[in-house]
Amino acid sequence: MKAARNRAFRSRISPGQKGFSLVEVMISMVILVVGLVSLLGVFGLAMASTQTSQENNTAKQLANEAIEGILTARETANVTWNQIQNTGSGGIFVAGFTPIFNPGVDGIIGTADDAASGIQTLEIPGPNGTFAGNCPGAGADICLPLNNFQRQILITPVVDQFGNLVANLRSVTITVQYNVPQFKTPKQYVLNTFISPYR
């Protein structure tokens, strides 16, 4: 009876059909696990990039803010052409990396009087999604001091292809340096432009 059942079962399976062996199942599971682990690594990298996007955007805005401040000071004739240099060259802009201070009494970013104005804060809308305009102070907005950022304004003379100084042109390089928890070395955002005395 048992032999007849086995023969009947074997007759239903055609000679070309086979099942999966245990080895084949194990190999496919290993391949699947390796794929899923690498996919989790990509998700982790994406999460880290999303978390650093706010710092990247803030650094870009701080560099643009410094360039616009220099150009506005030139346009409004608040400074002379000779003052648009670093302090070591007879100008008013502090050389080297400095904390992100509010503009000082002169209203120009990156000058010596900025240190007395305190650290600049970033105002982010609170849970309701609207700006209340109350930084610093109590209210719905979130006020983040920009302690993690430093800015350098470097103004250098420009020379032509023959090595001659171009008197009416200077190179302005703004570097914003900041730390991101996911990276061991500081990140930098660099913005470079040229400025002339002409309005």
Subject >> Options Leu36, Leu40, Leu32, Leu45; residue that is assigned to a helix (DSSP H, G or I), at pLDDT below 80 and not polar (S, T, N, Q) >> reply: Leu45
**OP:** Please work out which residue is surrounded by the most Cβ atoms within 10 Å (Cβ to Cβ), limiting yourself to the range 108-136 and to residues that are at pLDDT below 75 and on the phi > 0 side of the Ramachandran plot.
**Re:** Gly133
**OP:** Return the total of residues in the range 169-187 being assigned to a strand (DSSP E or B) and either in contact (Cβ under 8 Å) with a residue 60 or more places away in the chain or in contact with a Lys or Arg (Cβ under 7 Å, 6 or more places away or on another chain) (or both).
**Re:** 8
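Taking the conditions exactly as written (surrounded by fewer than 12 Cβ atoms within 10 Å (Cβ to Cβ) and either over 30 Å from Ser196 (Cβ atoms) or at pLDDT 90 or above (or both)), does Asn64 satisfy them or not?
Working: surrounded by fewer than 12 Cβ atoms within 10 Å (Cβ to Cβ): no; either over 30 Å from Ser196 (Cβ atoms) or at pLDDT 90 or above (or both): yes.
Criteria not met by Asn64.
For the range 78-107: of the residues being aliphatic (A, V, I, L, M) and either touching a strand residue (DSSP E or B) at 6+ places or on another chain (Cβ under 7 Å) or touching a residue at least 40 places away in the same chain (Cβ under 8 Å) (or both), which is surrounded by the fewest Cβ atoms within 10 Å (Cβ to Cβ)?
Filtering first and then ranking leaves Ala95.
The values are calculated or read from the model by the stated rules, or taken from the named source; none is laboratory data. Small disclaimer: the values here were computed from a predicted structure and weren't measured. Every residue, glycine as well, gets a Cβ built from its backbone with ideal geometry; the counts of neighbours run over all protein chains shown.
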